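To start, the structure under review is shown below, and the notes come after it.
The values are calculated or read from the model by the stated rules, or taken from the named source; none is laboratory data. As the structure is a prediction and not an experimental result, all values here were calculated from the model. Heads up, the Cβs are rebuilt from the backbone with ideal geometry, glycines too, and the neighbour counts pull from every protein chain shown.
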Amino acid sequence: MAKAAKKPKPGPGQDPESWPALLWRFFARHPKVVTVCAIALAAAYVCVKVVGWEGIGQTLGFGSGRVEIERPFELLSVTISLRQSDGIFDGQEERHLDVRTLYTIRGVQGLSATSDAMTKRYTKSDAREVRPWRGTVEEAVKSVGPTNRETIARFGIEPGEVKSLVFGSEVVFDLPFTAGDTRRAIRDIVTLGPGEAWWGYPNHHGMTIPVVTIIIESPTNDLELTGERPAFRVLADGSVDHKKASVGPPVASAGTEAIWASWRDVREDELVAFRYKWGPRK
């Protein structure tokens, strides 16, 4: 009696219990699922190509900053230098703050020489006047008031090029300048004691700034940082963070001619600031 011929083993996808066969039958019964999966894969491919894995991580909250596509330049550092002078100017006792802001930038996509590249705002609500100072690039006036001024800075930059830009203003206060009562300041979330003042920098540039430094010097006053933690940052949600700031000289020292504070990785919509007090030069 002849032996029965052996049936050939089923190939991939032919075994009714194999995973390719089960998957095939599932998609055959649910064609809409196939369409949705194809659209999702196509969208994922486009995201990776256009934004990149780092950008996707930032969007999902795994990285710092926010995704910026085709940004013309990036900020490497911002340094604000202030010179505070008290005296008689045109027969009137005044305080003058000469403010200079130094931006170090690097070109990414680049800009032509006549581009409207950056919006600059100069404001101090408790001052008598904010006066313009000509910087290193052209500034077109957008709006102006007694204690505020907004301009559009125009400049060009090549991809990969590093530039330093200087902007400035003169802020005038009437003297005697006294603050005898405890008061709220900086979006009404910081309490300043008698005789205290503050200076800060808000990041409205749409990108994280690696380093922000503020320096105040005075030829007429002794300056002193105040409080146990004089330097702080106000986060985008309104909370106050006293960490990640360097200050100098040490808070315990008094009678200095200059004080400073520095912060790293200042994110969009954060404000960095420090509090200080002043007295006559000893």
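For the condition of a type in the set (Gly, Ala, Ser), assigned by TED's automatic domain parsing to the domain that holds TRP263, farther than 26 Å from LEU235 by Cα and part of a strand (DSSP E or B), what is the one hit in ALA153, ALA113, ALA197? Before the answer, list the steps.
Values: ALA113 fails: part of a strand (DSSP E or B); ALA197 fails: farther than 26 Å from LEU235 by Cα.
Exactly one residue qualifies, and that residue is ALA153.
Considering each of GLY238, GLY227 in turn, give the residue that is surrounded by 17 or more Cβ atoms within 10 Å (Cβ to Cβ), at positive phi and not in a strand (DSSP E or B).
Going through GLY238, GLY227 in turn, just one is surrounded by 17 or more Cβ atoms within 10 Å (Cβ to Cβ), at positive phi and not in a strand (DSSP E or B): GLY227.
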Q. Is there a residue being farther than 16 Å from PHE73 by Cβ, at pLDDT 75 or above, among the hydroxyl-bearing types (Ser, Thr, Tyr) and crowded, with 16+ Cβ neighbours inside 10 Å anywhere in the range 178-201?
A. yes
Q) ILE214: modelled with pLDDT of 95 or more, among the aliphatic types (A, V, I, L, M) and touching a Leu at 6+ places or on another chain (Cβ under 8 Å), yes or no? A) yes
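What are the residues in the range 241-251 that are under 12 Å from PHE274 (Cβ atoms) and surrounded by 14 or more Cβ atoms within 10 Å (Cβ to Cβ), if any?
Within the range 241-251, the first condition is being under 12 Å from PHE274 (Cβ atoms), and the residues that meet it are 242, 245-248, 251.
Of everything in the range 241-251, those that are under 12 Å from PHE274 (Cβ atoms) and surrounded by 14 or more Cβ atoms within 10 Å (Cβ to Cβ) turn out to be ALA245, VAL247, GLY248, VAL251.
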Q: Please give the number of the condition GLY145 fails out of (1) under 30 Å from PRO230 (Cα atoms); (2) out of contact with any strand residue (DSSP E or B) (no Cβ under 6 Å at 6 or more places or on another chain); (3) surrounded by fewer than 16 Cβ atoms within 10 Å (Cβ to Cβ).
A: (1)
